[in-house]
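K.L.:
Below is one structure. I have some questions about it.
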Amino acid sequence: MRKKIVAANWKMNMMQARSARFVESLLLEIGDISDVEVVILPPFTAIAKVTEALGTAPNIKVGAQNMHWERSGAFTGEISAALLRDLFVHYVVLGHSERRTLFGETDEIVNRKVCAAHEAALHPIVCVGETLAQRDKGNVDKILAIQLRGSLAGLGAKELQDTVIAYEPVWAIGTGRNATPEQAQEAHTFIRHTLREMADGTVAERVRIQYGGSVKPENARELMSQPDVDGALVGSASLDPRSFAQIVQAAREEG
Ligand code: PEP
């Protein structure tokens with residue numbers, strides 16, 4: 001049985017004070033949750049504040065939105081897995097479509113980062129997803145297979161199991177237009193099938209696959225009711241603690 005995982009991707013938003021207030025409100029809304037894993041992904045500048053505000057809430061983890069693959073050194077402006085671990089970070093989002101399109105990240109770069117994250121015992125959340133043009137051409141499976149095989153190359157069974165995949169169709173991110181539950185399930189089935197080919201059935205069954213792309217309280221439950229949708233990666237709706245709490249609650253009910 002896969003525990004659902006719901007993550008708040010704040011992107012380049014949230015000052016420290018607002019981050020702390022968000023956590024206080026979220027804790028009031030969801031309490032000490034154990035049936036769903038909740039992850040908050042603040043900008044680097046608010047990670048320490050969020051960790052402090054969370055205190056001992058055991059099932060809410062903190063993640064980062066990106067990192068560099070090198071361990072340390074002359075990489076001005078970058079941040080390593082070890083530096084994130086030093087801030088008690090558990091998860092790191094890698095290969096988000098904004099990084100792929102705006103910052104030129106290729107599957108090879110994502111793969112280097114994924115390997116570096118595992119080496120430092122950080123759990124990567126690896127994003128994959130097609131553009132609308134690719135979907136219209138009937139290339140969804142082809143694109144997902146290329147991204148998965150490229151981004152996860154060389155991982156062993158344990159590392160794959162400790163990786164979360166986020167299926168995020170690019171056309172659904174920040175557009176208000178989510179994939180239908182059927183479209184999400186279809187893509188997640190294909191992702192699991194590809195993982196089975198890359199590793200084996202046991203590993204593929206254990207990997208959690210989140211859906212991301214305009215998830216909000218109104219559509220969260222239906223999306224997460226699909227058998228292979230193991231949670232959500234939430235952007236815009238995660239900036240409001242009440243909306244995010246409602247999405248967590250939907251995961252609980254569908255868990
Ligand atoms: C995201 O950026 O990961 C995302 C899913 O954003 P939104 O929920 O705003 O579509």
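The values are calculated or read from the model by the stated rules, or taken from the named source; none is laboratory data. What you are looking at is a predicted structure, and each value in this text was computed from that prediction instead of being measured. Please note: Cβ atoms are built from the backbone with ideal geometry, for glycine as well, and neighbour counts cover all protein chains shown. Only protein heavy atoms, including side chains, enter the accessible area calculation; ligands, DNA and RNA are left aside. Shrake-Rupley method; radii C 1.70, N 1.55, O 1.52, S 1.80 Å.
K.L.:
Is the shape of the stretch 17-148 rounded, prolate or oblate, going by the alpha carbon gyration tensor and its root eigenvalues a ≥ b ≥ c, with a/c under 1.5 for rounded and a/b larger than b/c for prolate?
P.N.:
Cα axes put the stretch 17-148 in the oblate bin.
K.L.:
Using only Cα atoms, locate the centre of the stretch 6-68 and the centre of the stretch 97-140, then give the distance between them in Å, rounded to an integer.
P.N.:
23 Å
K.L.:
On to the next question. So how far apart, in nm, are the two label points at Phe103 and Glu78 if each is 7 Å from Cα heading toward Cβ?
P.N.:
The answer from the label model is 1.1 nm.
K.L.:
Which entries of Lys61/Lys113; Lys113/Lys137; Lys4/Lys49; Lys4/Lys137; Lys3/Lys113 show an alpha-carbon separation above 28 angstrom in the structure shown?
P.N.:
Lys113/Lys137; Lys4/Lys137
K.L.:
Give, as a single signed number, the net charge of other residues whose beta carbon lies under 15 Å from the beta carbon of Ser80, with Lys and Arg counted +1 and Asp and Glu -1.
P.N.:
For residues surrounding Ser80, the net value is 0.
K.L.:
Stretch Asp141-Glu218 to full length: gain in nm at 0.36 nm per residue minus the Cα-Cα span?
P.N.:
25.0 nm
K.L.:
Sorted from largest down, give the three principal axis spans of the alpha carbons of the chain, whole angstrom values.
P.N.:
Taking max minus min along each principal axis of the Cα atoms, the chain gives 46, 45, 34 Å.
K.L.:
Averaging over every viewing direction, what projected area does the convex hull of the Cα atoms of the stretch 114-250 cover, in nm²?
P.N.:
Average of the hull's projected areas for the stretch 114-250 equals 8.1 nm².
K.L.:
Go through Leu195, Leu28 and list them by solvent-accessible area, largest first, probe radius 1.4 Å. Mind showing how you got there, number by number?
P.N.:
Working: Leu195 0, Leu28 155 Å².
Accessible-area ranking of Leu195, Leu28, largest first: Leu28, Leu195.
K.L.:
Provide the per-residue ³J(HN,Hα) series for the stretch 102-118, in order, calculated from phi with Karplus coefficients 6.51, -1.76, 1.60 and θ = phi - 60°, each as a whole number of Hz, with x at glycine and proline positions.
P.N.:
3J(HN,Hα) across the stretch 102-118, in whole Hz: 8, 10, x, 6, 9, 4, 5, 5, 4, 4, 4, 5, 4, 5, 5, 4, 4.
K.L.:
Select from Phe44, Phe244, Phe75 the residue whose mean-square fluctuation is largest in a Gaussian network model of the chain (Cα-Cα springs shorter than 10 Å).
P.N.:
Checking each option, the largest mean-square fluctuation is seen for Phe75.
K.L.:
Rounded, prolate or oblate, given the Cα gyration tensor of the stretch 146-202, with a/c below 1.5 counting as rounded?
P.N.:
Prolate is the answer for the stretch 146-202, as a/c is 1.5 or above and a/b outweighs b/c.
K.L.:
Could I ask something else about it? Report the residue, chosen from Phe190, Phe88, Phe103, that carries the largest GNM mean-square fluctuation when the chain is represented by alpha-carbon nodes joined by springs under 10 Å.
P.N.:
Phe103
K.L.:
Dipole size in debye (nearest 20) for the stretch 5-254 around its Cα centre, Lys and Arg Cβ +1, Asp and Glu Cβ -1?
P.N.:
460 debye
K.L.:
Let me ask something additional. Could you tell me which of rounded, prolate or oblate describes the stretch 164-242, using a ≥ b ≥ c as the square roots of the eigenvalues of the alpha-carbon gyration tensor, with rounded for a/c under 1.5 and, failing that, prolate when a/b is larger than b/c and oblate otherwise? Write out the running numbers ahead of the final one.
P.N.:
Working: a/c = 2.21, a/b = 2.01, b/c = 1.10.
Taking the square roots of the gyration eigenvalues as a ≥ b ≥ c, the stretch 164-242 is prolate.
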